[in-house]
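Everything below concerns the one structure shown next.
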Amino acid sequence: MNHFALPEAFGLLLLPFAFYFFLPKAKGAHGDALRVPFIGDLKNIKNKAEHLHLPFVSNSVLFSLKFIYLFLIWTLLTLAAARPQFVGEPHRLKAENRDIMLVIDISTSMLQPDFSAANRRIDRLTAVKAVVGSFVEKRTEDRLGLILFGTHAYLQAPLTFDKQAVSNILFNADAGMAGNSTSIGDALGLALKNLRDEKNKENKVIILLSDGENNDGSLSMAQAISLAEKEKIKVYTIGVGAEASFLGSLFSLQNNELDEKSLKELAQKTKGNYYRATDLDSLASIYQKIDALEPQSNEGTVIQERKELFYIPLVCALILALLLLFAPRSVLR
């Protein structure tokens, strides 16, 4: 099926005629001349018309060979401006997806090495990167966003289908790059702000992961919880850290006490769930459970194959213009 994306461009076809009939002639050193140069020299139109014995041709007839040639070029350029397209049959994609905002704590306490993998100790952030990275890779229809927080909360990736970009940003994050303390309230507020303008709130999800308590920032946990409840966006919270670790006395890292009470309240008031990850297996299991959440159905998106064809008349116009440029002056008189 052929289609013109800008059919109103065909109005440009009348432009040469409008210039010719409505603009006054310009006076110059060589006598009268039209203001529009491409209409060209009509000096011998009358004689040619009489020679062809066309009674309907008046003194202002524009049927000279040069005019026809130039008008053909103008027509091709107008055709290109109208953007001809080939449009295929419409197809509706059935989609079931969610908008998921990942909110991850990268304060210095996330360097606590109380997780293990392959019989060796790893810090909490390394474990989170591995598990969340796998979770991100499994998203096929979901849009993902990423917020990293410590003393301050930063939107690292707005909602996007580019899961590779989200993974790269996450794996390049270092503990402490957003500050040493923990601003859970500010991070949650930033996530809610970025989801607020979405029309359909039924499929909006926030997954918030932290190993500490809200000890910094402008929003308290009570304020953040109240705000989340009003927005009616489901929040899943994950508390990270071993129940007790003898390694805590061996490292001089900041180790905030996990505020499970607030995380549980946040999940409960937004109809989400709270999970506790004490090791790598439990953390992986949590994201598998969230992955299994039933996505919200939508009506799908109608797509049509579109192929731009404007280049065909454009190339033809350029070829004719080049022929005119190199043609002898007497050919098109």
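Rule-based calculations on the coordinates, nothing more; no lab input. This structure is a prediction, so every number in the text was calculated from the model and none was measured. Cβ coordinates were reconstructed from backbone atoms using ideal geometry, including for glycine residues, and neighbour counts include every protein chain displayed.
Stretch THR278-MET177 to full length: gain in nm at 0.36 nm per residue minus the Cα-Cα span?
On the way: separation 101, 0.36 × 101 = 36.36 nm, distance 2.39 nm.
Taking THR278 through MET177 to full extension adds about 34.0 nm, to one decimal.
So, R0 is 30 Å and r is the distance between the beta-carbons of TYR20 and ALA327; what FRET efficiency does that work out to, to 0.05? Don't skip to the end; give the middle numbers.
Working: r = 23 Å, r/R0 = 0.76.
Plugging the Cβ-Cβ distance into 1/(1 + (r/R0)^6) gives 0.85.
Greater than 21 Å separation of Cα atoms is the criterion. Which listed pairs, LYS129/LYS261; LYS234/LYS264; LYS163/LYS204, meet it? Don't skip to the answer; put the middle values down first.
Numbers: LYS129/LYS261 25 Å; LYS234/LYS264 13 Å; LYS163/LYS204 17 Å.
From the list (LYS129/LYS261; LYS234/LYS264; LYS163/LYS204), the Cα-Cα distance tops 21 Å for LYS129/LYS261.
Stokes-Einstein at 25 °C, 0.890 mPa s, Kirkwood radius from Cα pairs: D for segment 152-246 in µm² s⁻¹? Don't skip to the end; give the middle numbers.
Values: Rh = 14.7 Å.
The diffusion coefficient I find is 166 µm²/s.
Taking the Cα centre of segment 62-201 as the origin and placing charges on Cβ (Lys, Arg +1; Asp, Glu -1), which of LEU65, SER134, THR151 is farthest toward the positive end of the dipole?
The residue sitting farthest along the positive end of the dipole is LEU65.
Could you state the number of Å between the C-alpha centres of segment 262-283 and segment 161-219?
15
May I ask you to compute the full-extension gain from ASN168 to HIS152, defined as 0.36 nm times their residue separation minus their alpha-carbon distance, rounded to one decimal in nm? Working shown, then result.
Numbers: separation 16, 0.36 × 16 = 5.76 nm, distance 2.06 nm.
Answer, rounded to one decimal: 3.7 nm.
Highest first, please rank the peptides 99-112, 211-224, 162-175 by the mean number of other Cβ atoms sitting within 10 Å of their residues.
Details: 99-112: 24.6, 211-224: 18.6, 162-175: 15.9.
Highest-to-lowest ranking by the protection proxy: 99-112, 211-224, 162-175.
At 0.36 nm per residue, minus the direct Cα-Cα distance, what do ARG196 and GLU305 gain on full extension? Give it in nm, one decimal, please.
Full extension of this stretch gives 36.0 nm more.
Could you sort the peptides 319-326, 129-136 by per-residue average Cβ neighbour count (10 Å cutoff), highest mean leading?
On the way: 319-326: 11.5, 129-136: 19.0.
Highest-to-lowest ranking by the protection proxy: 129-136, 319-326.
Listed highest first by mean packing, meaning other Cβ atoms within 10 Å per residue, what order do 287-293, 274-280 come in?
Numbers: 287-293: 13.9, 274-280: 19.0.
Ranking, from highest mean packing down: 274-280, 287-293.
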